[in-house]
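Engineer: Take this structure, written in structure tokens, and hold onto it; I'll ask about it next.
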Amino acid sequence: MSWNMAATTPARYVESIRFDMARALLDRGHTATQAAALAGFPSYESMRRVFVRKLSISPAAYQRRFRTARRANEG
């Protein structure tokens with residue numbers, strides 16, 4: 001992902017990096033609380049707000065949805 005300075009603020013850029021990291025951690029099986037902390041979010045709630053804004057789904061619902069899809073692909 002490249003950063004277009006005219007399109008985003010530094011805070012939104014950092015948020016985007018944290019979001020990508022949290023999503024990857026959820027994909028690897030970390031709990032939502034662990035993912036929030038490891039990705040650098042100040043709290044689970046702040047991560048949840050970003051997930052809802054970007055994906056219209058909570059981190060826990062994201063993890064359930066994609067964990068099921070991943071298991072189907074592995075079988």
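Engineer: Of the residues in region 20-47, how many are closer than 11 Å to Y62 by Cβ and buried (at least 18 other Cβ atoms within 10 Å of the Cβ)?
Structural biologist: Summing the residues that are closer than 11 Å to Y62 by Cβ and buried (at least 18 other Cβ atoms within 10 Å of the Cβ) in region 20-47 gives 6.
Engineer: Report those helices (runs of 4 or more DSSP H) wholly inside region 3-75 carrying at least 2 residues which are at pLDDT 95 or above and of a type in the set (V, I, T).
Structural biologist: Values: elements: 10-27, 32-39, 44-55, 59-74.
Once the helices (runs of 4 or more DSSP H) in region 3-75 are filtered for at least 2 residues that are at pLDDT 95 or above and of a type in the set (V, I, T), what remains is 10-27, 44-55.
Engineer: Give the residues of region 12-38 that are touching a Leu at 6+ places or on another chain (Cβ under 6 Å) and free of Cβ contacts under 8 Å to residues at least 24 places away in the same chain, sorted by residue number. Write out each step before concluding.
Structural biologist: Residues of region 12-38 that are touching a Leu at 6+ places or on another chain (Cβ under 6 Å), as a first pass: 25, 35, 38.
Listed by number, the residues that qualify are L25, L38.
Engineer: Which residue is nearest to the chain's Cα centre (by Cα), if the candidates are limited to region 48-71 and must be open to solvent by less than 60 Å² (accessible area, probe 1.4 Å) and under 12 Å from E15 (Cβ atoms)?
Structural biologist: The qualifying residue nearest to the chain's Cα centre (by Cα) is F51.
Engineer: Separate question: With the requirement that a residue be over 18 Å from F66 (Cβ atoms) and either touching an Asp or Glu at 6+ places or on another chain (Cβ under 8 Å) or β-branched (V, I, T) (or both), what does region 14-52 give you?
Structural biologist: Within region 14-52, V14, I17 meet the criteria.
The values are calculated or read from the model by the stated rules, or taken from the named source; none is laboratory data. Because the structure is a prediction, the values reported are computed rather than measured. Counting neighbours? That spans all protein chains shown, and the Cβs are built from the backbone with ideal geometry, glycine included. To get the accessible areas, we keep the full protein, side chains included, count just its heavy atoms, and leave off ligands, DNA and RNA. Shrake-Rupley method; radii C 1.70, N 1.55, O 1.52, S 1.80 Å.
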